[in-house]
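Input: a single structure, listed below in structure tokens.
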């Protein structure tokens with residue numbers, strides 16, 4: 001994995017971590033460390049799987065006397081939903097509070113993501129190098145930082161998986177593969193919904209779904225286009241690829257896709273259950289505690305206002321399409337901004353989200369061409385509300 005730095009003020013070549021290793025030295029050291037760990041691999045059970053995260057320059061701040069006073073640049077070894085392993089040049093006391101600044105995978109966030117935690121363990125590894133295990137204060141979704149490439153084989157996970165709940169949408173053109181996944185998941189409490197095409201999946205994607213398991217190539221398109229459509233709809237449901245495409249090829253394509261992981265075909269039950277445990281145990285996006293801002297639809301006046309809004313949508317769609325054709329980004333920005341403020345009040349939260357995302361993207365690009373997919377998503381959302 002490439003090593004990244006978010007310290008704009010200090011070039012990578014001038015930065016130093018506390019163990020004095022360059023990115024190349026870190027790779028060689030961790031290769032040796034991982035090889036030694038594989039030789040002594042036992043049956044240790046973990047709440048979360050660990051994923052390699054080889055960053056040479058990460059900012060870690062320790063809390064001392066109630067404030068974060070001591071900040072250092074450290075290298076990392078791996079990360080999980082529950083914590084992270086960093087490398088330091090001396091012993092650190094368990095229980096100490098700290099924060100870690102991690103760059104998101106593929107640069108999805110402009111600034112590093114700050115997480116808080118406590119030092120859970122400190123183990124001497126070699127020479128002056130100590131491995132520091134930090135437990136996050138709250139579980140995270142580690143796929144924000146690494147692509148979770150699930151192993152082809154895994155131990156028996158039936159006992160742990162038996163209590164798994166959630167709704168999974170499986171997208172696969174093969175009836176045999178769909179039936180096989182259904183059979184494997186029969187030992188869990190997971191509700192499985194299946195789709196044989198992306199067109200069918202789009203209709204099902206609007207429901208409450210916790211995970212999407214999708215093949216990469218379908219008769220009616222590619223997964224890249226489906227994921228892009230999904231995100232344009234402001235749908236953040238995690239997507240895991242399930243494919244027979246060679247790992248090296250998929251890993252390259254995942255660099256530009258907002259997907260959480262990969263499960264290769266053919267799949268055995270243990271590997272599938274391990275994947276379900278990993279992806280369904282990741283914390284979901286926080287639900288808004290506040291109830292919908294929409295007005296009381298039982299009020300006759302409110303119903304009248306809603307119908308007036310619906311009747312205006314035809315005109316709005318026409319205006320957006322006209323502005324789109326004329327590359328009038330400012331007009332589209334103004335209409336999207338207006339919809340983002342009005343739609344949620346009338347109970348059309350999804351339209352409000354899509355309109356807000358459209359306004360944000362158009363303002364950033366000032367180009368209808370560069371924002372075309374998102375603008376089309378807004379037009380379709382308006383038509384959906386009109387037809388409902």
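The values are calculated or read from the model by the stated rules, or taken from the named source; none is laboratory data. Quantities reported herein were computed from a predicted structural model and do not represent experimental measurements. For neighbour counting, all protein chains shown are included, and Cβ atoms are generated from backbone atoms with ideal geometry for every residue, glycine included.
For the reader, a short list of remarks on this structure follows.
- Qualifying residue in region 304-325 (condition: touching a residue at least 24 places away in the same chain (Cβ under 8 Å) and assigned to a loop (DSSP other than H, G, I, E, B)): no
- Checked against the criterion of being within 25 Å of residue 15 (Cβ to Cβ), surrounded by fewer than 21 Cβ atoms within 10 Å (Cβ to Cβ) and at pLDDT 90 or above, the candidates 97, 135 yield just one match: 97.
- Looking across region 215-245, just one residue is at positive phi and either in a helix (DSSP H, G or I) or buried (at least 18 other Cβ atoms within 10 Å of the Cβ) (or both), and that is 234.
- Test: residue in region 332-355 that is at pLDDT below 95, farther than 30 Å from residue 297 by Cβ and in a helix (DSSP H, G or I): no
- Residues in region 246-276 that are part of a helix (DSSP H, G or I) and without any contact (Cβ under 8 Å) to a residue 24 or more places away in the chain: 248, 249, 252.
- Every pair of residues 6+ apart whose Cβ atoms lie under 7 Å, when the first sits in region 1-30 and is surrounded by 13 or more Cβ atoms within 10 Å (Cβ to Cβ) while the second is modelled with pLDDT under 50 and in a helix (DSSP H, G or I): 5/12
- Of the residues making up region 168-191, those that are crowded, with 17+ Cβ neighbours inside 10 Å and in a strand (DSSP E or B) are 168, 169, 170, 171, 190.
- Test: residue 364 is without any contact (Cβ under 8 Å) to a residue 24 or more places away in the chain, out of contact with any helix residue (DSSP H, G or I) (no Cβ under 9 Å at 6 or more places or on another chain) and assigned to a helix (DSSP H, G or I): yes
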